[in-house]
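Peer 1: Right, I'll just put the structure down here and ask away after.
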Amino acid sequence: DLAVVATARGEGDRTTLRVSAALTCLVADAAAGADPSALLAEADAAASLVAALPDEERREHRECAAVLSAVRALAALGTDAPNRQLLAGLRAAAAAAQTTASRGLRSSTVAHLALLEALEGHLTRATHLAQEVEALATDEADREPAAAAALAWVHLRRYALTEAREWLVRARARTRDRGGGTSAASTTPPLLAVLQSQLFRLRHEYDAAEHCLDQHLHGPRLPRWVSEQVVTEVVRLAVARGHVDEGLAMLQDTDGDESWS
């Protein structure tokens, strides 16, 4: 079916058909976890088709813009874009989804926005956003792992450890149910590992904390905003063990020209 749609995207004889086909292929590729750079390029190509829609089709323009904005914002989470750019993209995507009353698009974008806000230390804002996502869900299958991860992060920062553990368990269960999927979804497991490591570190269970991080520290390369959290927790763990020089050396070994946020 997707092969037929892809053909229609390039060879369709009507603009609306080509736009529909382009967006279908784009969303399918995003759900399959396509490379973020390829997704962003595909979104640009789809946007060119959308721009050719007649001006009077305003509702169609809004709906297409909401899909494109969401795909771009979530795909960017798999890149090394700075946090401020990720936040701006997610906020724009959430606003676009709101104008079209798309519960699904708003849930996914706001859930990841809540998680980014939590990582930035905006705990009250993150809580409100995550609670909105929880309220949008109609059943357990609709619940977003990123929203649960955001609430776990908030509770841990407020030293509400029991609640932090409960939300961490929920986030893990939702992640298992959802699978890997999009590039945005693949960023959740390493952040959950950081949360679990922090809980172990607070109990002085340093070996267990280190074990949580190993596969993410030495595994496939992570997006910058996720890698920052993993490495920061490794450094804190080294300092907690009394290995201050080792922790400082790890900070110096991190690549990238921009300072960490």
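The values are calculated or read from the model by the stated rules, or taken from the named source; none is laboratory data. All values derive from a computational prediction rather than experimental measurement. Note that we place each Cβ from the backbone using ideal geometry, even for glycine, and neighbour counts take in every protein chain shown. Remember, those area values only see protein heavy atoms, side chains included, never the ligands or the DNA or RNA. Shrake-Rupley method; radii C 1.70, N 1.55, O 1.52, S 1.80 Å.
Peer 1: Test of understanding: among ALA135, ALA185, which residue is open to solvent by 10 Å² or more (accessible area, probe 1.4 Å) and in contact (Cβ under 8 Å) with a residue 40 or more places away in the chain?
Peer 2: Exactly one residue qualifies, and that residue is ALA185.
Peer 1: What single numbered condition from (1) under 26 Å from LEU77 (Cα atoms); (2) part of a loop (DSSP other than H, G, I, E, B); (3) not basic (Lys, Arg) fails to hold for GLU56?
Peer 2: (1)
Peer 1: With the structure loaded, tell me whether GLN85 is within 21 Å of the chain's Cα centre (by Cα) and modelled with pLDDT under 95 or whether it fails that test.
Peer 2: no
Peer 1: Given the condition out of contact with any Pro (no Cβ under 7 Å at 6 or more places or on another chain), outside any helix (DSSP H, G or I) and not hydrophobic (A, V, I, L, M, F, W, C), answer yes or no: does some residue in region 40-51 qualify?
Peer 2: no
Peer 1: Let me ask something else. Does LEU168 count as assigned to a helix (DSSP H, G or I) and farther than 23 Å from ALA75 by Cα?
Peer 2: So LEU168 passes the test.
Peer 1: Here are the criteria: (1) under 19 Å from THR182 (Cα atoms); (2) touching a helix residue (DSSP H, G or I) at 6+ places or on another chain (Cβ under 6 Å); (3) open to solvent by 40 Å² or more (accessible area, probe 1.4 Å). Tell me which single one ARG18 does not satisfy.
Peer 2: With (1) under 19 Å from THR182 (Cα atoms); (2) touching a helix residue (DSSP H, G or I) at 6+ places or on another chain (Cβ under 6 Å); (3) open to solvent by 40 Å² or more (accessible area, probe 1.4 Å) applied to ARG18, the lone miss is (1).
Peer 1: Open to solvent by less than 60 Å² (accessible area, probe 1.4 Å) and over 27 Å from the mean Cα position of the chain (by Cα) - does that describe any residue in region 45-55?
Peer 2: yes
Peer 1: Is it true that ARG172 is open to solvent by 20 Å² or more (accessible area, probe 1.4 Å), in contact (Cβ under 8 Å) with a residue 12 or more places away in the chain and touching a helix residue (DSSP H, G or I) at 6+ places or on another chain (Cβ under 7 Å)?
Peer 2: Against the criterion (open to solvent by 20 Å² or more (accessible area, probe 1.4 Å), in contact (Cβ under 8 Å) with a residue 12 or more places away in the chain and touching a helix residue (DSSP H, G or I) at 6+ places or on another chain (Cβ under 7 Å)), ARG172 qualifies.
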